[in-house]
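Notes for the one structure printed next.
The values are calculated or read from the model by the stated rules, or taken from the named source; none is laboratory data. As the structure is a computational prediction, the values presented were derived from the model and not from experiment. Here Cβ is always computed from backbone atoms with ideal geometry, including for glycine, and neighbour counts include all displayed protein chains.
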């Protein structure tokens, strides 16, 4: 895949240019009926794989119970502050035992040093993973900002803690590596005095929207992953007003991509791409059926923020993550895979190893992922059969997450000019009939296998029958 990047870069630039001309001529009104007409930029739909980064004060305690306790599973370490505010006995006990009886969340500020943070190394790892974009938490629900926000004085990474503009540093490195840069932004703050029902208008007009506009004007993110939308409607949060500005007047108006978390009624209904999280589906969103652009996000472990108490059993294997990417892409989605760095700025080795394994697989098989679309005739039982499908132009990709021990019979395909196994020199025999293509896998052993974990047969110039979807 890396050797083909210049070709992909040219294709992406051509796509961006065409898209920019298309959207620049249209003015969007600050209402969902107009905003929802804006197409999701093509570059995002082609990229397929992105890296999420949850990093902040919660990376200092790096704690959440890793297993279910008393029927409750509090797996997200980045929710540490709200658990303290709620008086959760596990979090409060951990806080007192490790940081002192009278300690508070603010005591983590001088401990969040990021002293070993090397953004070029992060960006290099993300590029080698095969990702096309990166999304960094600019501010999570605790309100602590990773840039010098004038709307959060004394509560940001330049005035305190690392004494660095972490967004600027990572954005520069990510773009230098040839990747797209995006930002996560929380629409709520757990303990901000303005974030109350009676002052929500002041919250949006004096804090939230000015802060989001500052982020866009400073760093020009091409993805905005909003979150924390569940307390208020998009009208109360003035989301339509912000998106109208973003689409019409912002410096990224032609290429920016947004998600669907803009009010408690908006998931899988309004905004840009739809979101799922650890396979939790938004309002009636079924990822095997949806035609709208969508994305699954999750951590390599059980938490987004770093949890130092996770063990090997809590981490997905490289095989599981590659299969996950295949599953999401074959159903028309993207995968946003999260890493949680330590407070010192190091990415845990197990996360690095998982990303490099994904990149190694994509280096051989990336053409079956990047720029593809879901095949309209794909079976509903792909997981059960361990055979998945993607489509690009006149080529069909047959992705096997388990090496087939018998010929593959693909219903609905009655013609192909050639079938090959990506990364292999061995010839692949095939036979087409009026309603079925049969592929005979070549003899493969560990010594001549083109890749690990999953294998791709490329069916060139295929023709499908006009049968009903299987």
In segment 299-316, the residues that are touching a helix residue (DSSP H, G or I) at 6+ places or on another chain (Cβ under 8 Å) and free of Cβ contacts under 8 Å to residues at least 60 places away in the same chain: 300, 301, 312, 315, 316
Conditions (1) surrounded by 15 or more Cβ atoms within 10 Å (Cβ to Cβ); (2) assigned to a loop (DSSP other than H, G, I, E, B); (3) touching a helix residue (DSSP H, G or I) at 6+ places or on another chain (Cβ under 7 Å): number failed by residue 191: (1)
Residue in segment 354-376 that is over 18 Å from the mean Cα position of the chain (by Cα) and closer than 27 Å to residue 79 by Cα present: no
Residues of segment 203-219 satisfying the condition of being touching a helix residue (DSSP H, G or I) at 6+ places or on another chain (Cβ under 6 Å) and farther than 15 Å from residue 182 by Cβ: 209
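Yes/no per residue for (1) in contact (Cβ under 8 Å) with a residue 40 or more places away in the chain; (2) outside any loop (DSSP other than H, G, I, E, B); (3) touching a strand residue (DSSP E or B) at 6+ places or on another chain (Cβ under 8 Å); (4) within 30 Å of residue 318 (Cα to Cα):
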{"site": "93", "(1), (2), (3), (4)": "no, yes, no, no"}
{"site": "101", "(1), (2), (3), (4)": "no, no, no, no"}
{"site": "115", "(1), (2), (3), (4)": "yes, no, no, yes"}
{"site": "121", "(1), (2), (3), (4)": "no, yes, no, yes"}
{"site": "127", "(1), (2), (3), (4)": "yes, yes, no, yes"}
{"site": "148", "(1), (2), (3), (4)": "no, no, yes, no"}
{"site": "152", "(1), (2), (3), (4)": "yes, no, yes, no"}
{"site": "161", "(1), (2), (3), (4)": "yes, no, no, no"}
{"site": "175", "(1), (2), (3), (4)": "no, yes, yes, yes"}
Residue that is modelled with pLDDT of 95 or more and surrounded by fewer than 23 Cβ atoms within 10 Å (Cβ to Cβ), where the choices are 257, 252: 252
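Go through segment 445-470 and count every residue that is in a loop (DSSP other than H, G, I, E, B) and either loosely packed, with under 11 Cβ neighbours inside 10 Å or at pLDDT 80 or above (or both).
We begin by selecting, within segment 445-470, every residue in a loop (DSSP other than H, G, I, E, B); these are 445-454, 461-462, 465-470.
After this cut, where a residue has to be either loosely packed, with under 11 Cβ neighbours inside 10 Å or at pLDDT 80 or above (or both) as well, the list is 445-454, 461-462, 465-466, 468-469.
So the count comes out to 16.
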Matching helices (runs of 4 or more DSSP H) fully within segment 310-402 where at least 3 residues are touching a strand residue (DSSP E or B) at 6+ places or on another chain (Cβ under 8 Å) and farther than 21 Å from residue 41 by Cα: 318-330, 349-365
Spans of helices (runs of 4 or more DSSP H) in segment 24-90 with at least 2 residues under 30 Å from residue 161 (Cβ atoms): 80-86
Filtered residue count, segment 207-255, keeping only those that are farther than 15 Å from residue 267 by Cβ and part of a loop (DSSP other than H, G, I, E, B): 13
Condition met for residue 107 (farther than 21 Å from residue 354 by Cβ, modelled with pLDDT of 95 or more and assigned to a loop (DSSP other than H, G, I, E, B)): no
Condition broken by residue 8, with the remaining ones in (1) touching a helix residue (DSSP H, G or I) at 6+ places or on another chain (Cβ under 7 Å); (2) at pLDDT below 95 satisfied: (1)
Conditions (1) at pLDDT 95 or above; (2) surrounded by fewer than 23 Cβ atoms within 10 Å (Cβ to Cβ); (3) closer than 17 Å to residue 52 by Cβ; number of the one not met by residue 304: (2)
Given (1) within 30 Å of residue 292 (Cβ to Cβ); (2) in the same structural domain as residue 191 (by TED's automatic domain parsing), number of the condition residue 112 does not satisfy: (1)
